[in-house]
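Undergrad: Handing you a structure now.
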Amino acid sequence: MRVPVDWLGEYVELPAGVTGEQIAAALVAVGLEEEGLHGGDVAGPLVVGRVLEKHPEPQKNGKTINWCQVDVGDSNGTGEPQGIVCGAHNFEVGDLVAVILPGGVLPGNFQISARKTYGHVSAGMICSVRELGIGEDHDGIIVLPRLLGEHHVEELGLQPGDDLIPVLGLDREVVEVNVTPDRGYCFSLRGVAREYSHSTGAAYTDPALIPVDPATQDGYAVELADAGIPELDGVPGCDRYVARIVRGIDLTRETPEWMQRRLLEAGMRPISLAVDVTNYVMLALGQPLHAFDLATLQGPIVVRRAVAGERLRTLDDVDRVLDPEDLLITDSGTRILALAGVMGGEDGEVTPGQTTDVLIESAHFDPRSVARSSRRHRLSSEAAKRFERGVDPDVTDAAAQLAVNLLVEHGGGTADPAITDADQRVATRGPIELDVTMPTRYVGVDYTPERVREILTMIGCEVRELGQGTISVTPPGWRPDLTDAPTLVEEVARVDGYDKIPSVVPRAIGGRGLTHGQRARRRVAGALAGQGLHEVLTYPFVGESRFDELGLAADDVRRTALRLANPLSDEAPLMRTELLQTLPEALRRNISRGSRDVALFEIDTVTLPDHAAQAPVPGVGARPDDAVLQQIRDAVPGQPWHVAVVAAGQADRSGWWGKGRPVDVTDVVAWAHSVADTLGVPLRRVQAERAPFHPGRCVELTLEDGTTVGFVGELHPKVVQRLGLPDRTSAAELDLDVLVAASERPTQVRPLSTHPMASSDVALVVPRSTRYGDVEASLRAGAGELLESVELFDVYVGDQLAADQQSLAFRMHFRAPDRTLTTEEVNAARDAAVARAAKDHGAVQR
Amino acid sequence: MSGPNTNYDPVEVAALAPEALEANVADALDAIAAATSLEELKAARLAHAGERSPLALANREIGALPPSAKADAGKRVGQARGQVNQALAARQVELEAERDERILVEEALDLTVAPARHPVGRRHVLTVTAERMADAMVALGWEIAEGPGVEAEWFNFDALNFDKDHPARQMQDTFFVDPADAGLVLRTHTSPVQARSLLERGVPLYVAVPGKTFRTDELDATHTPVFHQLEGIAIDEGLTMAHLKGTLDRLAEAMFGPGITSRLRPAFFPFTEPSAEMDFRCFVCRGEDPGCRTCGGTGWIEWGGCGMVNHNVLRAAGVDPERYQGFAFGMGVERTAMFRHGIEDMREMIEGDVRFNAQFGMEI
Ligand SMILES: [Zn+2]
């Protein structure tokens, strides 16, 4: 909400010389956050210019710029035309525009100087409303008659070179505040002024307290035909509708300059007298109005719900199919004039030059009904923004009166004495009972009962004593957000000042700190980083094309991914099912930026939509029953924690100290093992074939009971190529939740033997298709309890063996818990191991 | 060479003549002194103390002497050989010492360029920042909870008193899961874990929740569609906004240093009432530099939202609001890290450039 300071000063007493900054600070203290300060930050020369020449020049970048000669009178000191480059196209030779000359300053302390651009020296700039900080329009530069109205420009007699700063109100300040959704009344000067008064104690004059002509029986017929529908809890769509008529207005008259200026300052564009007056009243009192051309109305105003199949072309020129929940303004019930509280249609609109008699609608609509229509039709408007946050239903008639007064005064019409006020409000909320000690118990500041009553009265509530320390509080019409005791507590706390709240550290009951899983993830991350890997966080969004790039088969379960209804990019509408679907991008980015030796890891959840369930949405304010809660929980897809690794370049860096060694799949297997070792979980390895890995260079890691932990491998050469990764990039992905669960129980140790160790080497010839790990497992199984460890220390293939044979050299270490082993014992154990390998794999000792 | 001769006079045997022995010793000592390396000394040893050296040969002649002459000749030869061996040993020590020193000089390495053979990797600043924040809460006696990123709409909104038609629900820029009636969203804040924790753990409850959150913002220098929050919720008997402020003060100190306090400003959130925005004291200027770039001269830096937990949130979790009350807060981990480390562009935390990581230690 943009708050022009001089307008604010009309409703609340501002100290002499107060700055926008001070006003903003006072509003922040009561909860209206500062969004910006405007005005006072444009420094001249900002002058009227007349475009004399306009030469479009296409540029290499596809843009076309205009090289212009602009008459700026004598303001440039020479009287010669200024040469200016302008990127906008919404103007013609002869137009009056706003020109800032070198030496001027635009908002944001943007200094203007003559500069060389597009092959010209551009001596200044032709400005847009955005650049001047007076609006958000992107439609190009300001053409003054369009912005200010032709009449007004003529009246002012604007000539090239004239100072525009006072004309555009740029010497005056505007405070822009953010209005939170509970404070709809602050979308008006009336509301903001009241808050300023609460913050500072300055005297406040309610602009809605004007003499209002009483309603009569012979006013324009209005029928509130909606008694409420179950979808909206039976709340009537409209419970108050004031219709006022002004006859004989000349709508071609110019809106008075002061009103135009205020509208501009508040961020609205002046359009025509009737529209400007309705907008002005909306900004002043927060009540959206609609003006109809009385002559075109074909019967009584009927406010009703839409019927399925009805359509309306709204003023933004979109033909809309209406929903039975939409509330409509119709005349005679059949012709639709407006989507109530949201936007009007073509019928019934006021046309300057034609319309002489105007019917002003000032109504109160159900906030939820307006909110839903606005959302349903993706149609947000200044009116809808206010109605859905709650408009003061007590101000309906005063707003209509103010509009009538302004139309009579500036349009030359006469107010019709027949006045409709269809008022069918029922008290939906009783007063709120408040224990006067509650603010103190809730906030921790000692508020006396007198202070509580004083503040609640100050903000407009009616306070009644109920005795025994309880008061009855009836909130004012503009505060539909005050619904229960805590909302009143907030009023007490904020008006008294949040800065008075002391700081007390609560004594928590003491908890369990981090869970095992949280600690485990930290350890794993630390271990990987300690081995040279960098932790990164990638976005979880992927597209199907990524599954193709990774070579996932058509029926691969990893293609079953959760789909977003409104993804940021249609290329990536899915939630990843593995981290390796997104982590390689980070590797590629590093390589493209010149890093060569890069090992990355990511720890995050993946989303596995293993079941299609619908989560109920049972609404606010009550605990759903256990069955519904369980349904909600069950519908949330599984999201296990994973860790993934991807690496390229050198594992052992080369440099002046010597040669390096490229990273390969064995490094990644070792890192994967270090993850499990960090958590003390033994793993098994099973040769595997699985996308996205090289079919001959991939291993599955499992727990000892066979539960899959993950896969490690070199990426398939095709995958490497499709993802643009360095050759031989290797990767791993492990399910951390499996490892965390497997490490939950404390390790139980075996006592260490201090007796000497005996070692024995064996070389076994087996077919090359035999897996190292299988031979090792056979040796372990055969050697029995005395075997302490076994390691594969050499693999030989070559001339001394048949082409399909390999020789595996193992070293076995033996130790007994209670004695020194004899040579015979060691040999017997070794022979048993070899015999087992021979039996299992046909291994022959070499 | 002379053979054994029983009537041989040693003085008559040339090799055993004192002059000859002296000359041999002198030659030997000269050669030893002249040896400049262990190899030359080895040659000198062979020449003057080896089996074929003049002194060794002289020694052999002794055997042929008559017994009366043997003792005298033996003594003289022994003295001569002793003299030579001593000199050899001394020179050996000298030359070995020289060699040892030379080797140390020769094998010196220039270590002034770091040998980056196995550089250590790094944790990501956001995860470590979130851990640090969580640890600060653990130090206050709180537990650390988690919840799913793909969340039930009810937990993300309704359980937190976001009515379906309330503008606040529309302002969340929510990612919805397809189909639209799935009732699932990407959580827009970590706050659904408030409701989950209340339902699962009951009251009294002191729980902090670090986690990943999502909004449909395009990535730029100050926005990211995927970001992180730290949520806190405390429900007990007698908790007030003063306790909220005390907790925030402690957390601000833990993240930004001693004496850094928090400030509350009125605000609105559906799941708290009263609600507040929280700022922390600018740790650069402490509110004393109107030209401060960190806080823009305001002396305060926006941190997040907070307030007393709305009764409807308690009711949705089956907690009696007449008996229990408490507070909740949530702040951005990105924002916390950006201010702590002077990170000006959000994208640096997103892109995963190892050069960015390498600027930090493992603990930050
Ligand atoms: Zn500062």
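FYI, it's all coordinate maths here, none of it is from the lab. What you are looking at is a predicted structure, and each value in this text was computed from that prediction instead of being measured. Positions of Cβ are generated from backbone atoms using ideal geometry, with glycine treated the same way; all protein chains shown enter the neighbour counts.
Undergrad: Using alpha carbons only, how many degrees (0 to 90, rounded to 10) separate the axis of helix B:125-139 from the longest principal axis of chain B?
TA: Roughly 70 degrees, rounded to the nearest 10.
Undergrad: Related question: Provide, in order from the shortest bin, the percent of all Cα-Cα pairs of the stretch B:125-357 in each 10 Å bin, continuing until the bin that contains the maximum pair distance.
TA: 8, 32, 37, 19, 4, 0
Undergrad: Under a 5 Å amide H to amide H cut-off, with H placed in plane at 1.01 Å, what residues pair with residue A:39 once short-range neighbours are removed?
TA: Amide H neighbours of residue A:39: A:174.
Undergrad: Just want the ordering: B:164, A:839, from fewest to most Cβ atoms lying within 10 Å of their own Cβ. Walk me through the numbers on the way to the answer.
TA: Details: B:164 16, A:839 11.
Listed from fewest to most nearby Cβ atoms, that is A:839, B:164.
Undergrad: Report, ordered by chain and residue number, the lysines lying within cross-link reach of residue A:60, taken as a straight Cα distance under 23 Å and ignoring same-chain residues fewer than 8 apart.
TA: Within reach: A:116.
Undergrad: Explain nothing, just the number: dipole magnitude of the stretch A:222-423 about its Cα centre with +1 on each Lys and Arg Cβ and -1 on each Asp and Glu Cβ, in debye rounded to the nearest 20. Kindly include the intermediate steps, with their values, before the conclusion.
TA: Working: 21 positive and 34 negative charges, 98 e Å.
Rounded to the nearest 20 debye, it is 460 debye.
Undergrad: Please tell me the relative contact order of the stretch A:11-82 in percent, rounded to the nearest whole number, where contacts are Cα pairs under 8 Å and at least six residues apart. Write down the numbers at each step before the final one.
TA: Values: 67 pairs, mean separation 13.3, N = 72.
With pairs under 8 Å counted, the relative contact order is 19 percent.
Undergrad: Additional query: Using Cα pairs under 8 angstrom and six or more residues apart, how large is the relative contact order of chain A, in percent?
TA: Value for chain A: 8 percent.
Undergrad: Can I ask one more? Hey, which lysines would be in cross-link range of residue A:54, C-alpha to C-alpha under 17 Å, not counting anything within fewer than 8 residues on its own chain?
TA: Partners within reach: A:63.
Undergrad: Taking all pairs of distinct Cα atoms, average 1/r, flip it, and tell me the Kirkwood hydrodynamic radius of the stretch A:27-91 in Å to one decimal place.
TA: Values: mean 1/r = 0.0665 Å⁻¹.
Averaging 1/r across every pair of different Cα atoms and inverting gives 15.0 Å.
Undergrad: Taking a quarter of the surface of the Cα convex hull of the stretch A:46-156, what do you get in nm²?
TA: Values: hull surface 28.7 nm².
Dividing the Cα hull surface by four gives the mean projection, 7.2 nm².
Undergrad: Right, something else. Taking a Cβ-Cβ separation under 4.7 Å as the criterion for a possible partner, which cysteines of chain B have none?
TA: B:306
Undergrad: Hey, another quick one. Report, in degrees rounded to the nearest 10, the 0 to 90 angle that the Cα long axis of helix A:665-678 makes with the longest principal axis of chain A.
TA: Between the helix axis and the principal axis of chain A, the angle is about 80 degrees.
Undergrad: Right, here's the next one. Nearest 10 degrees, 0 to 90: what angle lies between the long axis of helix A:516-530 and the longest principal axis of chain A (Cα atoms)?
TA: That helix lies at roughly 70 degrees to the long axis.
Undergrad: Using a Gaussian network model of chain B with C-alpha springs under 10 Å, which one of B:118, B:243, B:48 is most mobile by mean-square fluctuation?
TA: Among B:118, B:243, B:48, the largest GNM mean-square fluctuation belongs to B:48.
Undergrad: Averaging sequence separations of C-alpha pairs under 8 Å and six or more residues apart, then dividing by the length of the stretch A:25-146, give the relative contact order as a whole percent. Provide the component values of the computation, followed by the final result.
TA: Numbers: 256 pairs, mean separation 29.3, N = 122.
Rounded, it is 24 percent for the stretch A:25-146.
Undergrad: Here's a follow-up. Which residue, B:297, A:552, A:673, has the largest displacement toward the positive end of the dipole of the protein assembly as shown when charges sit on each Cβ (Lys, Arg +1; Asp, Glu -1)?
TA: Farthest towards the positive pole: A:673.
Undergrad: Okay, moving on. In sequence order, what are the phi-derived ³J(HN,Hα) couplings for the stretch A:695-712 according to the Karplus relation 6.51 cos²θ - 1.76 cosθ + 1.60 with θ = phi - 60°, rounded to whole Hz, with x for glycine and proline?
TA: So the Karplus estimates, Gly and Pro as x, are x, x, 10, 8, 9, 8, 9, 10, 6, 5, 8, x, 4, 5, 9, x, 10, 10 Hz.
Undergrad: While we're looking at this one, here's another question. Farthest toward the dipole's positive end in chain A, which of A:152, A:355, A:318, given Cβ charges of +1 (Lys, Arg) and -1 (Asp, Glu) about the Cα centre?
TA: A:318
Undergrad: Using Cα positions and a limit of under 28 Å, work out the lysines in reach of residue B:164, with same-chain residues fewer than 8 apart set aside.
TA: Within the straight-line limit of under 28 Å, residue B:164 reaches these lysines: A:385, B:212.
Undergrad: Could you list B:341, A:364 in order of exposure, starting from the residue whose Cβ has the fewest other Cβ atoms within 10 Å? Each step should come with its number before you reach the end.
TA: Values: B:341 15, A:364 25.
Exposure proxy ranking, most exposed first: B:341, A:364.
Undergrad: On to the next question. If you project the alpha carbons of the protein assembly as shown onto the principal axes, what extent comes out on each, in Å, largest first?
TA: Sorted largest first, the three principal extents are 171, 81, 67 Å.
Undergrad: Based only on other Cβ atoms within 10 Å, what is the fewest-to-most ordering of A:385, A:116?
TA: On the way: A:385 20, A:116 9.
Neighbour counts put them in this order, fewest first: A:116, A:385.
Undergrad: For the stretch A:431-471, with only Lys/Arg (+1) and Asp/Glu (-1) charged at the beta-carbon, what is the dipole magnitude about the Cα centre, in debye rounded to 20?
TA: Details: 4 positive and 7 negative charges, 14 e Å.
Charge dipole of the stretch A:431-471: 60 debye, to the nearest 20.
Undergrad: Given A:189, A:168, A:107, which one lies farthest toward the positive end of the charge dipole of the stretch A:107-189, if we put +1 on the Cβ of every Lys and Arg and -1 on the Cβ of every Asp and Glu?
TA: Of A:189, A:168, A:107, it is A:107.
Undergrad: Evaluate the charge dipole of the stretch A:46-156 about its Cα centre and quote only its size in Debye, nearest 20, assuming +1 on the Cβ of each Lys and Arg and -1 on the Cβ of each Asp and Glu. List each step's numbers first, then the result.
TA: Numbers: 8 positive and 14 negative charges, 126 e Å.
Taking the Cα centre of the stretch A:46-156 as origin, the dipole is about 600 debye.
Undergrad: Another question, if that's okay. Compute the length gained on full extension between residue B:105 and residue B:85: take 0.36 nm times their separation in residues and subtract their Cα-Cα distance, giving the result in nm to one decimal.
TA: Stretched fully, the residue B:105-residue B:85 segment lengthens by 4.2 nm.
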